[in-house]
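Take a look at the structure set out below.
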Amino acid sequence: MLHACGGAGCFEILRPTQTNLIPMNTERSFADRLQRAWQLHAALTTFMPAFVPPNAALLPATFADFLESLAELNLNVSSAEMSWKEGSAARLALVKDLQNRALLALSRVKSNAAWKQQVPMVKSAADHLRGYRAATQPLPTDAPAEEKPRTTQANQSFGDVKVLLDKLIEALKWVPNYDTGVPVGISLSSLLALSTQLDGLNKLMAGKEQSLAAARAPRSLAYDLDQPPRLCLRSQMLAIKEAVKSQYGGTKSPEYLQVKSIKV
């Protein structure tokens with residue numbers, strides 16, 4: 001608690017209590033928390049007499065099964081993240097390739113004096129595509145499960161790239177006899193195919209993002225939100241500590257002192 005004084009007199013500034021706040025999770029923190037839970041389980045297996053909590057869900061064998069299920073949830077999230085990263089890298093590579101092709105298409109139009117009239121239109125479209133910087137899309141955050149998914153700015157920007165590419169294609173269609181099929185990489189058919197490919201990647205990434213959210217949601221619940229009668233990891237670890245304290249003689253018992261410092 002702090003005290004502050006001003007023209008209206010002195011008043012107290014209350015700070016939120018920190019003990020009950022759950023920190024923001026990261027991939028590393030999920031793994032660290034699971035490791036600490038295994039440390040707690042290991043401690044329970046050393047106690048003599050054996051640890052027998054009033055809630056059978058907290059028995060060492062049952063607790064171990066629960067921890068194994070958390071490990072599987074972590075693996076599911078890791079797989080979804082890897083899939084998302086691969087798709088994101090493929091889409092970014094395609095955009096860079098498209099921007100290079102836009103330069104080549106513009107150079108082709110400039111090279112023919114007969115197309116001088118079409119150069120400004122093509123140059124404008126090519127410059128907009130080449131100069132556009134699609135936002136580097138960060139890995140979606142591990143938002144609470146109940147939070148409504150939002151379209152990211154990066155997804156919007158990649159959609160804009162698709163629009164700019166289509167504008168370049170339309171501009172090239174106005175160039176008489178442009179599409180001779182050579183060079184193949186900047187022919188209208190090739191650019192149209194790449195436009196379709198980018199559209200497919202944008203849709204694919206939207207799906208991958210939702211798959212990642214779907215993998216994270218049950219993990220968030222299992223770690224931090226009780227679903228009666230099942231307790232989350234945080235609640236189970238706190239309950240185990242209380243049960244140890246009760247069974248082995250309070251806060252001074254060796255058993256409780258062994259588990260007391262294991263962070264929940």
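Couple of notes before you dig in:
- Positive minus negative residues near S187 (Lys, Arg vs Asp, Glu; Cβ under 13 Å): +2
- Calculated FRET efficiency for the pair S79/L257, C-beta based, R₀ 35 Å, to 0.05: 0.35
- Relative to one another, the C-alpha centroids of segment 92-120 and segment 26-50 are positioned 60 Å apart.
- Gyration tensor (alpha-carbon) shape descriptor, segment 50-110, a/c threshold 1.5: prolate
- Highest-first arrangement of 194-206, 91-103, where packing means the average Cβ count within 10 Å: 91-103, 194-206
- Counted charge near Q118, where neighbours are those whose Cβ lies closer than 12 Å (Asp, Glu -1; Lys, Arg +1): +4
- Its residue count N sets the reference 2.2 N^0.38 Å, and the alpha-carbon radius of gyration of segment 175-240 equals 2.32 times that reference.
- Backbone N within segment 28-47 under 12 Å of label point (7 Å from E72 Cα along the Cβ vector): none
- In Hz, Karplus ³J(HN,Hα) per residue of segment 44-59 (6.51, -1.76, 1.60; θ = phi - 60°; x = Gly, Pro): 4, 6, 9, 6, 9, x, 4, 6, 10, x, x, 9, 4, 5, 9, 4
- Between E86 and V182, the FRET efficiency from the beta-carbon distance, with R0 = 45 Å, is close to 0.85.
- Theoretical gain in end-to-end length, S124 to A239 [0.36 nm per residue, Cα-Cα removed]: 34.8 nm
Laboratory data are not the source of any read-out in this text; all were calculated from the coordinates shown. It should be emphasised that the depicted structure is a prediction, and the values quoted were computed from it without experimental measurement. Here Cβ is always computed from backbone atoms with ideal geometry, including for glycine, and neighbour counts include all displayed protein chains.
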